[in-house]
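Trainee: First the structure, which I've put down as structure tokens, then a few questions once you've had a look.
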């Protein structure tokens, strides 16, 4: 059973929510983060990437960066930018992108559920990336970037969310990128109890996005346990900030690929190798996005082609090997183009689907030779991989829209 609890939320005053809310810290490089943060001193990016407020020669991971983050967070609480709700609550968080709504529950999930596999993972994490957020959370004594979790749809939770969405929202604003954010607070005791019980009946919840933030929050929780000498399990450090979405409202965009060269092959030799495992059909000059699993778009020399996996590939049932990203890697990128480890190979790059197919064409006209457009990984495939205790290949999923940081803060004590 999953332990998903309401919490005392530190959050921006309604009048300032649109200025505070910021994209996640890891979608920016340092220069981009500084430019975005300094456009508005209330943007949460100033706290999430506190090096933006320090001289450029200060290392991103210097202890003074985390001390600055705490200083800024404390200052925003003191000056009234943030308020603290008086009791434990859940929140309904709706994001609308291009007219499409995605609605979830803001809550705190259990570090024990993460440790014992009730909260399931599908990606590995890297220690160096974890350490940054461990220091940030520990120094600020707060979790500030929610983990994106998914669950199999539940009628009780969906009914309550829809009922609250008919009431006056706590926040309602449209950000500069066109994404609308609406928030409602769930405070009625019977509704809080119903939601907690509904989650308690679930034996699996899944990390959709934010594996490093989740791992970092969990490690801080276990660190706090060790430092306390004794604990009851009810302390706030036993839980981490999350937004939980039902599977039927989620949208996964494709994660497309571009490759620098043909691995020494001529175009004709390359096509001959590809045809061993994929049927090739010329599409023309109009950009091609696959409409079904086991099909791919390929752009080379100003022409688009459709690649269709041959029956022996489409028949693969292993939850990882059957993923489209695996089929492309295992039967084309690896053996034909020589991309052995896409995590480190400098000849391949990955383009999030939010950037469109025009970006693939632009790259091929510039520094790349061939591009591949992907059919998006399905949420059911993600669940199947996680349920099997396996890991997805790198760059398998791109979730949109992105959750904003700074709207919900969970203090650890």
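Trainee: State which residue is surrounded by the most Cβ atoms within 10 Å (Cβ to Cβ) when the search covers only the stretch 329-362 and only residues that are in a loop (DSSP other than H, G, I, E, B), at pLDDT 95 or above and in contact with a strand residue (DSSP E or B) (Cβ under 8 Å, 6 or more places away or on another chain).
Mentor: 337
Trainee: Something else now. Please determine whether any residue of the stretch 147-165 is under 18 Å from the mean Cα position of the chain (by Cα), over 30 Å from residue 69 (Cβ atoms), surrounded by 15 or more Cβ atoms within 10 Å (Cβ to Cβ) and in contact (Cβ under 8 Å) with a residue 40 or more places away in the chain. So that I can check it myself, show each step before the final result.
Mentor: Within the stretch 147-165, the first condition is being under 18 Å from the mean Cα position of the chain (by Cα), and the residues that meet it are 147-152.
The next check asks that each one be over 30 Å from residue 69 (Cβ atoms); those that pass are 151-152.
In the following step, the residues that additionally are surrounded by 15 or more Cβ atoms within 10 Å (Cβ to Cβ) were identified as 151-152.
From what is left, the residues that are in contact (Cβ under 8 Å) with a residue 40 or more places away in the chain are 151-152.
Yes, the stretch 147-165 contains at least one residue that is under 18 Å from the mean Cα position of the chain (by Cα), over 30 Å from residue 69 (Cβ atoms), surrounded by 15 or more Cβ atoms within 10 Å (Cβ to Cβ) and in contact (Cβ under 8 Å) with a residue 40 or more places away in the chain.
Trainee: Would you confirm, using the coordinates I've provided, whether residue 223 is at pLDDT 95 or above, surrounded by fewer than 15 Cβ atoms within 10 Å (Cβ to Cβ), more than 25 Å from residue 397 (Cβ to Cβ) and in contact with a strand residue (DSSP E or B) (Cβ under 7 Å, 6 or more places away or on another chain)? Don't jump to the end; show me each part of the working.
Mentor: Numbers: at pLDDT 95 or above: yes; surrounded by fewer than 15 Cβ atoms within 10 Å (Cβ to Cβ): yes; more than 25 Å from residue 397 (Cβ to Cβ): yes; in contact with a strand residue (DSSP E or B) (Cβ under 7 Å, 6 or more places away or on another chain): no.
Spelling it out, it is not the case that residue 223 is at pLDDT 95 or above, surrounded by fewer than 15 Cβ atoms within 10 Å (Cβ to Cβ), more than 25 Å from residue 397 (Cβ to Cβ) and in contact with a strand residue (DSSP E or B) (Cβ under 7 Å, 6 or more places away or on another chain).
Trainee: Which of the residues spanning the stretch 240-299 are crowded, with 19+ Cβ neighbours inside 10 Å and over 33 Å from the mean Cα position of the chain (by Cα)?
Mentor: Once the filter is applied, which keeps residues that are crowded, with 19+ Cβ neighbours inside 10 Å and over 33 Å from the mean Cα position of the chain (by Cα), the stretch 240-299 yields only 270.
Trainee: Something else now. Output the number of the condition that residue 382 fails; it satisfies all remaining conditions of (1) in contact (Cβ under 8 Å) with a residue 40 or more places away in the chain; (2) under 22 Å from residue 267 (Cβ atoms); (3) out of contact with any helix residue (DSSP H, G or I) (no Cβ under 8 Å at 6 or more places or on another chain).
Mentor: In the conditions (1) in contact (Cβ under 8 Å) with a residue 40 or more places away in the chain; (2) under 22 Å from residue 267 (Cβ atoms); (3) out of contact with any helix residue (DSSP H, G or I) (no Cβ under 8 Å at 6 or more places or on another chain), residue 382 misses (2) alone.
Trainee: If we keep just the residues of the stretch 62-85 that are surrounded by fewer than 20 Cβ atoms within 10 Å (Cβ to Cβ) and without any contact (Cβ under 8 Å) to a residue 24 or more places away in the chain, which is nearest to residue 388 (Cα to Cα)?
Mentor: Filtering first and then ranking leaves 62.
Trainee: Within the stretch 226-239, which residues are in a helix (DSSP H, G or I) and either free of Cβ contacts under 8 Å to residues at least 12 places away in the same chain or surrounded by fewer than 24 Cβ atoms within 10 Å (Cβ to Cβ) (or both)?
Mentor: 226, 227, 228, 236, 238
Trainee: Against the condition touching a helix residue (DSSP H, G or I) at 6+ places or on another chain (Cβ under 7 Å) and either over 23 Å from residue 284 (Cα atoms) or assigned to a strand (DSSP E or B) (or both), how does residue 371 come out, does it pass? Talk me through it step by step, then tell me what you get.
Mentor: Working: touching a helix residue (DSSP H, G or I) at 6+ places or on another chain (Cβ under 7 Å): yes; either over 23 Å from residue 284 (Cα atoms) or assigned to a strand (DSSP E or B) (or both): yes.
Taking the combined requirement at face value, the residue satisfies it.
Trainee: What's the number of the condition residue 394 fails, among (1) in contact with a strand residue (DSSP E or B) (Cβ under 7 Å, 6 or more places away or on another chain); (2) modelled with pLDDT under 95; (3) closer than 30 Å to residue 116 by Cβ?
Mentor: (1)
Trainee: Here are 261, 203, 209: which of them is touching a residue at least 24 places away in the same chain (Cβ under 8 Å), out of contact with any helix residue (DSSP H, G or I) (no Cβ under 7 Å at 6 or more places or on another chain) and more than 27 Å from residue 120 (Cα to Cα)?
Mentor: Numbers: 203 fails: more than 27 Å from residue 120 (Cα to Cα); 209 fails: more than 27 Å from residue 120 (Cα to Cα).
Answer to the selection: 261.
Trainee: Turning to a different aspect of this structure: Got a sec? Which of 58, 137 is in contact with a strand residue (DSSP E or B) (Cβ under 7 Å, 6 or more places away or on another chain) and farther than 23 Å from residue 396 by Cβ?
Mentor: Values: 58 fails: in contact with a strand residue (DSSP E or B) (Cβ under 7 Å, 6 or more places away or on another chain).
Sole residue among the options that is in contact with a strand residue (DSSP E or B) (Cβ under 7 Å, 6 or more places away or on another chain) and farther than 23 Å from residue 396 by Cβ: 137.
Trainee: Further, regarding this structure: What is the number of the single condition among (1) assigned to a loop (DSSP other than H, G, I, E, B); (2) touching a helix residue (DSSP H, G or I) at 6+ places or on another chain (Cβ under 6 Å); (3) over 16 Å from residue 270 (Cβ atoms) that residue 318 does not meet?
Mentor: Failing condition for residue 318: (2).
The values are calculated or read from the model by the stated rules, or taken from the named source; none is laboratory data. Since we're looking at a predicted model, the values are computed, not measured. Because the Cβ atoms are built from the backbone with ideal geometry, glycine has one as well, and the counts that use them run over all protein chains shown.
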